[in-house]
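The values are calculated or read from the model by the stated rules, or taken from the named source; none is laboratory data. Values in this document were obtained by computation on a predicted structure and should not be read as measured data. Heads up, the Cβs are rebuilt from the backbone with ideal geometry, glycines too, and the neighbour counts pull from every protein chain shown.
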Amino acid sequence: MASTPGEFDRIIVVFDRDEHQSYHAALAQAAAQNGKLRNDNGVAVPLEAVASVPCFELWLLLHFEDVLAPLPRHEALARLRTHLPGYEKGGGGHWAATQGLRDVATHRALRLAQATTAHDGTQPYTAMHELVSRLVHLQD
């Protein structure tokens, strides 16, 4: 079925834990909105929260090393830069630099997800592997 302009079937919100005091409220708000928003055709769509604790860089770091204990975001960033020198948030080239290690990162992210959830908010966690998998399948 072809998509019409303005039509969508899912909303995905990506955010970091960082040190935000409103992190747990944001998770709750996303859960409360799930299925309540409608696309331009009036169809209810799921809203999914894709969270990373402590930050998005954890996902990239998992391509290169295990992360088994809580770490502050500045440490995640510093450790990531040992593998991706010159890394900056919002910069380019990360997909190409990590593509060959995506399966390793996914395995590590799945292991973290077996030990904790986004709701814990202190232990390392990311659901980026789920989003990346969907995007890769869309590309195929």
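Residues checked against (1) within 19 Å of residue 16 (Cβ to Cβ); (2) in contact with a Leu (Cβ under 9 Å, 6 or more places away or on another chain):
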| site | (1), (2) |
| --- | --- |
| 41 | no, no |
| 44 | no, yes |
| 80 | yes, yes |
| 85 | no, no |
| 110 | no, no |
| 113 | yes, no |
| 116 | yes, no |
| 126 | yes, yes |
| 130 | yes, no |
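Does residue 58 satisfy the condition of being closer than 18 Å to residue 120 by Cβ and under 14 Å from the mean Cα position of the chain (by Cα)?
Here the answer is yes, as residue 58 does meet what is asked.
Looking at (1) touching a strand residue (DSSP E or B) at 6+ places or on another chain (Cβ under 9 Å); (2) under 30 Å from residue 37 (Cβ atoms), which is the one condition that is false for residue 89?
It is condition (1) that residue 89 fails.
Any idea how many residues of segment 95-113 are within 29 Å of residue 25 (Cβ to Cβ) and either of a type in the set (A, V, I, L, M, F, W, C) or modelled with pLDDT under 95 (or both)?
Qualifying residue count for the region: 5.
I'm checking my understanding of the structure. Among residues of segment 15-50 that are of a type outside the set (D, E, K, R) and in contact with a helix residue (DSSP H, G or I) (Cβ under 7 Å, 6 or more places away or on another chain), which one is farthest from residue 132 (Cα to Cα)?
47
Scan segment 111-137 residue by residue and report those that are surrounded by 13 or more Cβ atoms within 10 Å (Cβ to Cβ), over 14 Å from residue 66 (Cβ atoms) and not small (Gly, Ala, Ser).
Correct list: 116, 117, 119, 120, 128, 129, 130, 131, 132, 134.
What number of residues within segment 34-88 satisfy the criterion of being hydroxyl-bearing (Ser, Thr, Tyr), assigned to a helix (DSSP H, G or I) and touching a residue at least 40 places away in the same chain (Cβ under 8 Å)?
Final tally of qualifying residues: 0.
Of all residues in segment 89-110, which are charged (D, E, K, R), surrounded by 13 or more Cβ atoms within 10 Å (Cβ to Cβ) and without any contact (Cβ under 8 Å) to a residue 40 or more places away in the chain?
102
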